[in-house]
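Only one structure is covered here, and it is reproduced in the block below.
The values are calculated or read from the model by the stated rules, or taken from the named source; none is laboratory data. Keep in mind it's a predicted model, so treat the numbers as computed, not measured. Cβ coordinates were reconstructed from backbone atoms using ideal geometry, including for glycine residues, and neighbour counts include every protein chain displayed.
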């Protein structure tokens, strides 16, 4: 138990909170609900950003930047949208401070005529802008993404999972046809799924949300749902088909090839620093973080076991050559020859931080041309020849990336339950995991189930097998199972 | 005059405003003083970010993220700092909207106990955080950078140059000694200078600010000052030695090697989307943007001059091979074979957008194995053999990068004036450029000169030659000339 983290079994929630802080990923700030993302945590987020950004650009998207503030009147234009976000908005009302009787005060003479909302999401300000960008079908599609901070005044916050301010990307696209917009929304949820699986090592189910769980203003919300080690689901990314809702709210029309004016079709899609929470909770253990190599800021650490400076020199020479070879392969490596800490301390430290591969080398290794390799995911150690070390580690990193994914997949498969009556349903939900059950399709039933069990419908999987069945609560006829789970 | 931009001679200020919008870089948003950075403009900013980020990392800095909001009480802790920023702060006072009689209203039941300031800069929230990160000399130095948006409620705004919200990076470092902090501040201003010169093609003078012009809370502000084509200066980046001011305001002490408690020494440094303004104003001409190749989103454009689809095929085949070769060299190239626009229209478009090299190829070129090359910086055209085209263009891009810098340098050198009496001073300031004059070292004189001429002291150059002289206004003795200019 590196630095004495609470074990998952003892208290999963506390384990998570402690791990985030002790592994130097993030901490609570002095501002209620806002976090500080520390350099080590931010380095992981940067790796996520770089890969996602590459995938967005490869699919024809460009980045742009829109204002942080949204005039209240814009915000109110799409009825469902404002309904969904009004209760958790940070509102700017003044633009100046002054020296008052009790020190620095808000200057009441500097009150805004119209209040500004700190963006919780940018559909409204962006569609107000698109109005000027779109006249003809030639201006379409618009495929734009924004990397930004957003604010939602959540009452109960948790580092990465739910914070008042968070970082994310939000794609906002405009299309000439319904079909093209739907295709875009699906394309992007697939990109998120690919990213989750190949980079985060996180198996996900792709599906659509029920009307209850849909994004405020969307006609359809596609989601990727992942399962955490404690059996709770985590929504990891969403992509929305917005229909013509925002085009109508902001009067955005285009002339088609026949000169006919039509409203524009829209999508939006986003993932956020919440993915950091998914990453941590999906793979880590009681010793600390377990990071997939593709996202690890340090992929390999080399720790010499030595006495005195004279001995260290021999190590330094040997290791310098390895460092160059690792670098040449694009593998990020750290050589920790600090003398202020003992090897055991360093081992625990890098375990806590989730470094995928640790190489230890002692005086006997120097003589015998060997070294000890420890892999973080399985905690296995073995001694290998120094000859071919770098190639060996390169393959090992690929192996670890795969193994992390397979382990999470196995956990999820083992946590799938099919149930057909409400007693079994309740037990399955209590046990955790994805519960596949029939549902009569009404919001009423969905709400009732949530009330009774705290479980929500995570999604209706795409390509869901159709089968006759009866709703697990009401017994009404149903044509397919949907996924229920408790969720973050 | 691409798309009919006002010429620089006619109205420099209008030329700039029109160019920013017509070249698709940015536009004013519906939110007072906030801009929308359009994809083409953002692509340039991304290139700047990538290079700066690389330079920061190579000098040992890591990125992190701190809250957007700063509690009012923190903001007030450093007296000079709050004095400097209080008059232009966006203030969040409420955290909820509600459905009221007149539609969506601010919910007065959701008033914050303490107002939050939208960060105009992050020293206060960061030093409040560093307090928990620093106990011992072993925790130092801290070398952290943040890429973020900030808000300063400017009354007169201009796209990129002065906007209520802008994007920037802010480095915040903590050190055990004064010497180390000063060294860091100087190191970073040198990095900015290197970036300006080698990437923006922008010659800059490195110097220190006078007390009047110093950052609010700094003991010393280092600056890079560039000269625009209209003879006005533009402060392009600053690096501040903050002494122990913020450490004292937030009580941040460390135990040195002897266990003695000392206040920590600080720096901060930043560049912003203002650099976009500098880039545009330094190099562009009456036809549109002139971009240095290293920052151009499209470095080379290829335009075929053809009639009918059958002919186009021959061009496509030829050009496809080139595209692969350009890509292999990491040169970004666009092949514009759209049939909806004529070549002349495309030429004007890419001139407006500042694409450094244009290759045009017509039917006779196909027969003769030639093509026409136009370089954007000099507007020169010449016909070359297709053989060796890609190597030729690769060298040309380097040449253009250098030429842009040399041209700007020549303009600045020609705009340097040394003056020794106030009449000449006033004339020189009116003429534009950097005016080197003696100054008696008092804020009073500095203010008086500003009042009389609108000129400010841009900086006291580092390694400034020392010479006896008399203040250009008061005749008081002075030991060095400083640089005066009107500035953006």
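Test of understanding: among A:377, A:316, A:339, which residue is assigned to a loop (DSSP other than H, G, I, E, B) and over 23 Å from residue A:285 (Cβ atoms)?
One residue alone meets the criteria, A:339.
Could you please let me know if residue B:14 is part of a helix (DSSP H, G or I), without any contact (Cβ under 8 Å) to a residue 24 or more places away in the chain, farther than 26 Å from residue A:104 by Cα and away from chain A (no Cβ under 13 Å)?
Answer is yes for this residue.
Please work out which one of (1) over 30 Å from residue A:352 (Cα atoms); (2) surrounded by fewer than 19 Cβ atoms within 10 Å (Cβ to Cβ); (3) touching a strand residue (DSSP E or B) at 6+ places or on another chain (Cβ under 6 Å) is the condition residue A:427 fails and give its number.
So the condition that residue A:427 fails would be (3).
Consider only pairs whose beta carbons are under 6 Å apart and that are at least six residues apart or on different chains; among these, list those whose first residue lies in region B:44-71 and is within 7 Å of chain A (Cβ to nearest Cβ) and whose second residue is assigned to a helix (DSSP H, G or I).
B:62/A:39; B:63/A:42; B:64/A:39; B:64/A:42; B:65/A:42; B:66/B:125; B:66/B:126; B:67/B:125
Out of all the residues in region A:127-149, is one or more part of a helix (DSSP H, G or I), within 7 Å of chain B (Cβ to nearest Cβ) and farther than 23 Å from residue A:213 by Cα?
Quick first cut of region A:127-149, residues part of a helix (DSSP H, G or I) only: A:127-133, A:137-139.
Restricting the remaining residues to those that are within 7 Å of chain B (Cβ to nearest Cβ) gives A:128-129.
Now narrow it down to the ones that are farther than 23 Å from residue A:213 by Cα: A:128-129.
So far as region A:127-149 goes, yes, one or more of its residues are part of a helix (DSSP H, G or I), within 7 Å of chain B (Cβ to nearest Cβ) and farther than 23 Å from residue A:213 by Cα.
Suppose we keep only residues that are more than 16 Å from residue B:322 (Cβ to Cβ) and more than 21 Å from the chain's Cα centre (by Cα) within region B:386-412. Which one would you say is surrounded by the most Cβ atoms within 10 Å (Cβ to Cβ)? Before the answer, list the steps.
Keep residues of region B:386-412 that are more than 16 Å from residue B:322 (Cβ to Cβ), which gives B:398-412.
Now drop any that are not more than 21 Å from the chain's Cα centre (by Cα), which leaves B:398-399.
Details: B:398: 11, B:399: 15.
Here the answer is B:399.
Please specify each residue of region A:94-119 satisfying the condition of being under 30 Å from residue A:64 (Cβ atoms) and surrounded by 20 or more Cβ atoms within 10 Å (Cβ to Cβ).
Scanning region A:94-119 gives A:94, A:95, A:115, A:116, A:117, A:118, A:119.
Give the residues of region B:106-123 that are without any contact (Cβ under 8 Å) to a residue 40 or more places away in the chain and more than 7 Å from chain A (Cβ to nearest Cβ), sorted by residue number.
Hits for region B:106-123 are B:107, B:108, B:109, B:110, B:111, B:112, B:113, B:120.
In region B:30-43, which residues are within 20 Å of residue A:143 (Cβ to Cβ), facing chain A (nearest Cβ under 7 Å) and in contact with a helix residue (DSSP H, G or I) (Cβ under 7 Å, 6 or more places away or on another chain)?
B:36, B:37 - these are the residues of region B:30-43 that are within 20 Å of residue A:143 (Cβ to Cβ), facing chain A (nearest Cβ under 7 Å) and in contact with a helix residue (DSSP H, G or I) (Cβ under 7 Å, 6 or more places away or on another chain).
Could you check region B:152-185 and list, in sequence order, the residues that are surrounded by fewer than 21 Cβ atoms within 10 Å (Cβ to Cβ) and part of a helix (DSSP H, G or I)?
Once the filter is applied, which keeps residues that are surrounded by fewer than 21 Cβ atoms within 10 Å (Cβ to Cβ) and part of a helix (DSSP H, G or I), region B:152-185 yields B:178, B:179, B:180, B:182, B:183.
What is the number of the single condition among (1) touching a residue at least 12 places away in the same chain (Cβ under 8 Å); (2) within 29 Å of the chain's Cα centre (by Cα) that residue A:383 does not meet?
Evaluating residue A:383 over (1) touching a residue at least 12 places away in the same chain (Cβ under 8 Å); (2) within 29 Å of the chain's Cα centre (by Cα) leaves (2) as the failure.
Name the single residue, out of those in region B:72-105 being touching a helix residue (DSSP H, G or I) at 6+ places or on another chain (Cβ under 9 Å) and in a helix (DSSP H, G or I), that is nearest to the other protein chains (Cβ to nearest Cβ).
As a first pass, look at region B:72-105 and keep what is touching a helix residue (DSSP H, G or I) at 6+ places or on another chain (Cβ under 9 Å): B:74-82, B:85-86, B:89, B:91, B:95-99, B:103-105.
From the residues that got through so far, the ones that are in a helix (DSSP H, G or I) too are B:74-75, B:79-82, B:85-86.
Numbers: B:74: 7, B:75: 7, B:79: 10, B:80: 13, B:81: 11, B:82: 6, B:85: 8, B:86: 4 Å.
Step by step, filter region B:72-105, then rank; the result is B:86.
On the given criteria, is residue A:335 without any contact (Cβ under 8 Å) to a residue 40 or more places away in the chain and either on the phi > 0 side of the Ramachandran plot or touching a strand residue (DSSP E or B) at 6+ places or on another chain (Cβ under 9 Å) (or both)?
yes
Need a quick list: strands (runs of 3 or more DSSP E) entirely within region A:403-488 having at least 1 residues that are more than 22 Å from residue A:221 (Cβ to Cβ).
It comes to A:416-418, A:466-470, A:477-485.
Quick one: how many residues across region A:300-313 are part of a loop (DSSP other than H, G, I, E, B) and either buried (at least 20 other Cβ atoms within 10 Å of the Cβ) or outside the structural domain of residue A:340 (by TED's automatic domain parsing) (or both)?
Residues flagged as part of a loop (DSSP other than H, G, I, E, B) and either buried (at least 20 other Cβ atoms within 10 Å of the Cβ) or outside the structural domain of residue A:340 (by TED's automatic domain parsing) (or both) within region A:300-313 amount to 1.
Run residue A:331 past the list (1) outside the structural domain of residue A:124 (by TED's automatic domain parsing); (2) not in a loop (DSSP other than H, G, I, E, B) and report the number of the one that doesn't hold.
In the conditions (1) outside the structural domain of residue A:124 (by TED's automatic domain parsing); (2) not in a loop (DSSP other than H, G, I, E, B), residue A:331 misses (2) alone.
I'd like the residue in region A:253-299 that is under 17 Å from the mean Cα position of the chain (by Cα) and either part of a strand (DSSP E or B) or at pLDDT below 95 (or both) and, out of all such residues, is surrounded by the fewest Cβ atoms within 10 Å (Cβ to Cβ).
A:272
Scan region B:342-371 for residues that are in a strand (DSSP E or B) and either closer than 17 Å to residue B:299 by Cβ or in contact with a helix residue (DSSP H, G or I) (Cβ under 7 Å, 6 or more places away or on another chain) (or both) and report the count.
The total comes to 6.
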